[in-house]
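Structure first, commentary second.
The values are calculated or read from the model by the stated rules, or taken from the named source; none is laboratory data. Every value quoted in this text rests on a predicted model; they were computed, and no experiment measured them. Here the Cβ positions follow ideal geometry from the backbone for every residue, glycine too, while neighbour counts run over all protein chains shown. Just the protein is used for accessible areas: all its heavy atoms, side chains included, with ligands, DNA and RNA removed. Shrake-Rupley method; radii C 1.70, N 1.55, O 1.52, S 1.80 Å.
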Amino acid sequence: QVQLVESGGGLVHTGGSLRLSCAASGFTFSNAAMRWYRQAPGKERELVATISSAGRDTNYARSVMGRFTISRDNTKNTVYLQMNSLKPEDTAVYYCKKVVGSFWGQGTQVTVSS
């Protein structure tokens with residue numbers, strides 16, 4: 001079955017960086033476009049970034065453009081989210097997901113202190 005395991009979250013200060021990873025299994029990863037979402041307390045889940053199956057095309061939410069980079073390694077069945085210049089408003093649980101499909105992983109908590 002589909003498994004998505006996010007990791008790499010933690011507590012950082014404003015301006016810091018984190019790199020999130022999402023290890024995927026149970027499907028043909030190299031054929032799947034992937035996304036990162038986030039959900040802050042009391043807010044709806046928000047789409048953060050999308051990457052095509054081969055990694056050539058990416059899209060970002062305006063709120064993270066220029067600070068976050070999505071990438072993937074199809075040899076490792078892993079998608080990444082490099083987050084730089086973090087702000088307190090980036091605090092959320094971050095999830096990865098296939099573009100097609102409804103399965104969600106458990107997420108990883110990112111907390112940015114001011």
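For this structure, a couple of remarks:
- Length-normalised contact order of the chain in % [C-alpha pairs under 8 Å, at least 6 apart]: 36 percent
- Local electrostatic count at Arg35 - Lys and Arg +1, Asp and Glu -1, tallied over other residues with Cβ under 14 Å: +2
- For the chain, the solvent-accessible area with a 1.4 angstrom probe is 53 square angstrom per residue.
- Separation of the Ser63 and Lys87 label points, Cα + 7 Å toward Cβ, nm: 0.9 nm
- Separation of the Ser25 and Lys43 label points, Cα + 7 Å toward Cβ, nm: 3.3 nm
- Percent carbon-and-sulfur accessible area, the chain, ignoring ligands, DNA and RNA, probe 1.4 Å: 48 percent
- Within the stretch 30-47, backbone nitrogen closer than 15 Å to the virtual label 7 Å beyond the Cα of Ser53 toward Cβ: 30-35
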